[in-house]
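The values are calculated or read from the model by the stated rules, or taken from the named source; none is laboratory data. Because the structure is a prediction, the values reported are computed rather than measured. Please note: Cβ atoms are built from the backbone with ideal geometry, for glycine as well, and neighbour counts cover all protein chains shown.
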Amino acid sequence: MAMRPMSANAPRNGRLVRVSAPSSPSTRLAWLDALRGIGALAVVAEHLLPWFLPALRPYWFNLGVYGILVFFLVSGYIIPTSLERHGDVRAFWISRIFRLYPLYLSVIALVLALAWWVPVRAEVPRDGSAVAAHATMLLDVVNVGGVADTMWTLSYEMVFYLLVTALFLTGAQHRSGELSMGFAAAAVVVGLVASGAVFVGGWPAYVSAGVFAAGVACVMWGRARKPAACVLGLMALAALLLSSRVPWLGTAVLAVMFAGTAIHRWERGTGRLWPVAVTTALVAIAPLWAIESGWWWVQPDVWLTTIVLAGATFAGGMALRGRRLPRMLVWLGLVSYSLYLVHHPLLKYFVAITGDLRQADLPYQAGMAALALAVVLGVSALAYRFIERPGQALGRRISGRDAGGLQRRTDPGVAGQDPGHDGVLGHQEGQVPDGVRDHVGQGDVVR
């Protein structure tokens, strides 16, 4: 993939800030891309190490959970302000749809096409509920496994979009601190009382798909927009609390995302920082007494260390936001969504060819790991170039926004972040209760 990294100086609060601008229709925030790049490396490492270099996998913190916390902080930081800055709900949803769905559907098609070789995971229902859940991306919150393991995190991204839209249209979008604390407190309570989904079976997927389709159509085309957004928000909350796989974890994720928004408001002088501290403390204790929290990564020392590292990484990114950052990290952030969706299926296919590498000699393991990483990065670059970018361009044409228009409407306080580039990453679905073991034993097989 031919890269054309550039840099430009943009005014910000009376001083010049160097902003990295990789090949994209508008200037981007390099420090957010760098954070996505770090998160991407963490996620790939969490999937790669157990099968290629198991001796190097850390257990004093969890690489995957670290990655998801960093990425959800980034999404929380930029998504609501992107919507508020442009004030166009229709354009926001068009950008989201054309940002996420082209690659998402392509990966689904790939996994299904190769199911004769590497079967679709058993957690995916073999009925219409799987189609309904994949259509909305609300997979995890309606208790349906995704055809690609990492798709579960998109559920919480979609819930966040629905809630942010409702808050924006009802004028309650500035209550980020209260919302982050509320979701964090709810995570503690839900963990104490709920062992899993209250609503089970296929019907939550069907109902949510119907409400989602009708509601998003109304929001985009302006027919009863505010009531539709409120219904969508309530539906998202109900699914999060009553039909998600791990209610306390999903609720904690939303707390982290709204904490990211609260940080942005504090930075702009329109909010306070202490709600973020309260949220952090509540999220830190949320799994300690949870009914369903038996994984190694929610043990107090591991969980707390992971949270501290993720928060420190985000704070470090903010501290460096006016500096030139490594181009490789910025580029990894640019292709992070492709990297997120394609890397796990590719690693499965790679291991299907090479066989179990866990008993191999270390030099051979290292060589295969390097080769697998090169393949993943190459395919991610191609997916970004030929699937993501054309999809985003089509979304801009449909919504009537061009790159110049985005730059003209950009708030200098956020340096021209392209709302079509708010990517998301998550840790492996093998670390939520999907029946996937966290400590990989010698007799385990790649899922």
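Just to verify a result, which residue in segment 120-136, among those that are in contact (Cβ under 8 Å) with a residue 40 or more places away in the chain and outside any loop (DSSP other than H, G, I, E, B), is farthest from residue 199 (Cα to Cα)?
Ranking the candidates gives 135 first.
Take the residues in segment 297-317 that are in contact (Cβ under 8 Å) with a residue 60 or more places away in the chain and among the β-branched types (Val, Ile, Thr); name whichever of them is surrounded by the most Cβ atoms within 10 Å (Cβ to Cβ).
Within segment 297-317, the match that is surrounded by the most Cβ atoms within 10 Å (Cβ to Cβ) is 306.
Taking the options 341, 288, name whichever one is hydrophobic (A, V, I, L, M, F, W, C) and part of a helix (DSSP H, G or I).
341
Regarding segment 311-319, can at least one residue be identified that is touching an Asp or Glu at 6+ places or on another chain (Cβ under 9 Å) and at pLDDT 90 or above?
Yes: one or more hits.
Would you check if residue 48 is farther than 23 Å from residue 212 by Cβ and modelled with pLDDT of 95 or more? Show your work before the answer.
Working: farther than 23 Å from residue 212 by Cβ: yes; modelled with pLDDT of 95 or more: yes.
Against the criterion (farther than 23 Å from residue 212 by Cβ and modelled with pLDDT of 95 or more), residue 48 qualifies.
Which of the residues that make up segment 235-259 are surrounded by fewer than 24 Cβ atoms within 10 Å (Cβ to Cβ) and either free of Cβ contacts under 8 Å to residues at least 12 places away in the same chain or within 26 Å of residue 399 (Cβ to Cβ) (or both)?
235, 238
What is the one condition in (1) crowded, with 21+ Cβ neighbours inside 10 Å; (2) modelled with pLDDT of 90 or more that residue 290 does not satisfy?
(2)
Out of 389, 401, report the one residue that is modelled with pLDDT under 95, of a type outside the set (S, T, N, Q) and farther than 30 Å from residue 297 by Cα.
401
For segment 203-212, state whether one or more residues are hydroxyl-bearing (Ser, Thr, Tyr) and in a helix (DSSP H, G or I). I'd like the intermediate steps shown before the answer.
Filtering segment 203-212 down to residues hydroxyl-bearing (Ser, Thr, Tyr) leaves 206, 208.
So of that shortlist, the ones also in a helix (DSSP H, G or I) come out as 206, 208.
Looking through segment 203-212, at least one residue is hydroxyl-bearing (Ser, Thr, Tyr) and in a helix (DSSP H, G or I).
Does segment 189-221 hold any residues that are farther than 25 Å from residue 126 by Cα, among the β-branched types (Val, Ile, Thr) and in contact with a helix residue (DSSP H, G or I) (Cβ under 6 Å, 6 or more places away or on another chain), and which are they?
Within segment 189-221, 190, 219 meet the criteria.
Of the residues that sit in segment 214-229 and are within 17 Å of residue 96 (Cβ to Cβ) and free of Cβ contacts under 8 Å to residues at least 12 places away in the same chain, which one is nearest to the chain's Cα centre (by Cα)?
Across segment 214-229, the extreme among qualifying residues is 217.
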